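What follows is a single structure, written as structure tokens, with notes after it.
The values are calculated or read from the model by the stated rules, or taken from the named source; none is laboratory data. The structure displayed is predicted, hence computed values, not measured ones. FYI the Cβ positions are ideal-geometry reconstructions off the backbone, even for glycines, and counts take in every protein chain you see.
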Amino acid sequence: MENRSENVFEVCDLRTYFRTDDGLVKAVDGVSFTVKRGETLGIVGESGSGKSVTCLSAMRLVPKPPAFHPTGAVYFGDTNLLSLTEPEIQKLRGERLAMIFQDPLTSLNPYLTVARQLTEVLEVHQDARPAAARRTSIEMLERVGIPDAASRIDQHPHQFSGGMRQRVMIAMALLCGPELLFADEPTTALDVTIQAQILELIKNLQKAIGTAVVLVTHDLGVVAGLTDRVAVMYAGRIVEEGTTAEVFANPQHPYTRGLLESMPRIDTPIQKSLYAIPGLPPDLGNLPAGCPFHPRCAFATIQCQNIYPETKVISSTHQATCWEIEGTK
Amino acid sequence: MNTMGKEKIEKNFLDVSDLAVQFYVPKRGGFFRQERAELKAVDGVSFSMSRGETLGLVGESGCGKSTTGRAVLQLLRPSRGCVIFDEEPIHEFWKKKGQKWIWDQRLRDLRRRMQMIFQDPFASLNPRMTVESILAEPLRNFDVTQGVERREKIQQLLMTVGMDPRCMRRYPHEFSGGQRQRIGIARALALGPEFIVADEPISALDVSIQAQIMNLLSELRDNLGLTLLFIAHDLAAIRHVSDRIAVMYLGRIVELASAQTIVDRPQHPYTQALLSAVPVPDPRQERLRQRTVLSGEMPSPINPPAGCPFHTRCPLCEERCRSELPVMRTIETGHQVACHVVN
């Protein structure tokens, strides 16, 4: 294991289960990963793969009950976030840990002006005086590319377009210069030309501020352009993890390969028929035995139907969890 | 099932010319006085389709692509322009009832031949109806088949879209998004249509399911000889199913060409920017790529800019782009562009 001081963030065997009327739902089931200082990690998966719940659990934003964590620790520096009291985590959240959500319209307060929502962060965390907080907020809005920030700061969220609202969210998240930023599908609700703008912005700000980013997305294209490392999730677990270059050049897990192949691409010849992963995404309340991907996997054997696969090491920076691939040991 | 016999090569199956749709929206600020502003959602769209062809309509949200789809099907009454469907001027098939325009019998009858697939498989199926009654509704409306025969027809429809016919007693909430979209497709196919407008049929689905639905649509099109107007915002997806692609911006088509040409030799600066904004799942390429990131956003269709609608964001903008609206012109066979600057 690497030196913990090098890692800003370390998730160890995190499990988030939900008690529901239909039984126990294992949304996150034994996830471990690390994020180094200034690094960008992509977490890819489809809806229900547990990628958002992983981030929300780490931020302590999952309501408990119905959720609970049977095991797991989330280290931010040397603190285990899961063992903090509510006031302690609130102190960290917004200052050293920040999050951008998918839908900026529902995550900004429609009743409050942008100024109120931004300055609050500084007043709470840094005891800033109102005038100074306002000045810093305007500067931040300018940095994220909001034209005429000094007057727009007094507007309400609905007066901004989708792309501009996402910029406001980013400004709010970065106000205190956090060490770690979770971006949960930050561009999914946006048009492609606006998506390109926002991704560019995140990339540049990250370089300038040195924040580590955990980018959650279903879009492998976004991951390819923005991340250093990538973790692929399926049914609440990470099935493949590695540097972005390795995972894209040499995908190992059949699910990762399927995802990559089934993505319609702009840079390939036109295909009459696209490769499609057969079957349906798994029902988390009723997972199959063995490897949860086996009902959709072309390589599944009896072993896959019964025993959860081992993690195989492909290189020092690349591993995958599947019975049917060759590891180096 | 299909009227493939009376195929006419030289005549277009669908001809849309100068189509426009206006909405009236409350003006900003006027809270007590309800002043209405004119929103030109679609403004002078023309294209034609031959039988069996798939035309992709791409653009970003608010560009009027869905409105175009609806207006072509006469689900909305166009405020201007003609839609000729198989030599019939269907934009005239409306009658006035009091203050309102309603479909006349001819348009009602044409619903058998033209259908729509909707974007959101969660909103477009009635949660209180079983799959059987959802699929029976169009059959009942047009008095197609009865009793046992109707049930057989429904089972057959479900099999056509790759579903287990036994699921017809179940309700929409029991299915996943992909399965619901299949049910929506089955409903559109129930009356054996010739022309289908598919409005973003895959954008609400998971990545691994999108490919399944796209393949299903292409298969059905080939097997049933459907003419398909495929509306999407995703250029990467649409180019694999379309013969030709029309790119829309602010209510107008700015470029129209074969799917191959649009991707290989895009001429309009907006098409070029749109293409360069599509992320490629290849880290090496992504790092090397020279991206034209457009500044700004699409202007409001309530108050569109003068001249070329794209000039506010265009990297090639010249003096006359600010005042003069570019018309669609043919720059090579089958390739039309509305831009002053490109030759």
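A few remarks follow.
- Here segment A:205-216 is the region considered, the condition is being on the phi < 0 side of the Ramachandran plot and touching a residue at least 60 places away in the same chain (Cβ under 8 Å), and the residue that is farthest from the other protein chains (Cβ to nearest Cβ) is A:T211.
- Filtered residue count, segment B:270-280, keeping only those that are surrounded by 24 or more Cβ atoms within 10 Å (Cβ to Cβ) and either outside any helix (DSSP H, G or I) or out of contact with any helix residue (DSSP H, G or I) (no Cβ under 9 Å at 6 or more places or on another chain) (or both): 1
- Subset of segment A:217-263 that is over 22 Å from A:L14 (Cα atoms) and touching a Cys at 6+ places or on another chain (Cβ under 8 Å) - its residue that is farthest from the other protein chains (Cβ to nearest Cβ): A:Q252
- Identity of the residue in segment B:257-297, touching an Asp or Glu at 6+ places or on another chain (Cβ under 6 Å) and more than 7 Å from chain A (Cβ to nearest Cβ), that ends up farthest from A:V144 (Cα to Cα): B:H268
- Test: residue in segment A:242-261 that is among the aliphatic types (A, V, I, L, M) and touching a strand residue (DSSP E or B) at 6+ places or on another chain (Cβ under 8 Å): yes
- Within segment A:266-283, residues that are more than 7 Å from chain B (Cβ to nearest Cβ) reach partners that are at pLDDT 85 or above and surrounded by fewer than 14 Cβ atoms within 10 Å (Cβ to Cβ) with beta carbons closer than 9 Å, at six or more positions or on different chains, in the pairs A:P278/A:A298.
- Positions within segment B:264-284 being free of Cβ contacts under 8 Å to residues at least 40 places away in the same chain and closer than 28 Å to A:E246 by Cα, in sequence order: B:S276, B:A277, B:P279, B:V280, B:P281, B:D282, B:P283, B:R284
- Residue within segment B:212-219 that is touching a Pro at 6+ places or on another chain (Cβ under 8 Å) and over 30 Å from B:A277 (Cα atoms) present: no
- Only a single item in (1) surrounded by fewer than 16 Cβ atoms within 10 Å (Cβ to Cβ); (2) modelled with pLDDT of 90 or more; (3) under 26 Å from the mean Cα position of the chain (by Cα); (4) part of a loop (DSSP other than H, G, I, E, B) is not met by B:A123, and it is number (2).
- Enumerated strands (runs of 3 or more DSSP E) restricted to segment B:182-251, each holding at least 1 residues that are touching a residue at least 12 places away in the same chain (Cβ under 8 Å) and within 12 Å of chain A (Cβ to nearest Cβ): B:227-232, B:244-249
- Residue check for B:P326: more than 8 Å from chain A (Cβ to nearest Cβ), closer than 22 Å to A:V192 by Cα and not in a helix (DSSP H, G or I): no
- Output for segment A:110-146, where each listed residue is polar (S, T, N, Q) and within 15 Å of A:G177 (Cα to Cα): A:T119, A:Q126, A:T136, A:S137
- Among the numbered conditions (1) more than 12 Å from every other protein chain (Cβ to nearest Cβ); (2) aliphatic (A, V, I, L, M); (3) over 21 Å from A:M164 (Cβ atoms); (4) within 15 Å of the chain's Cα centre (by Cα), the only one that A:I202 does not meet is (3).
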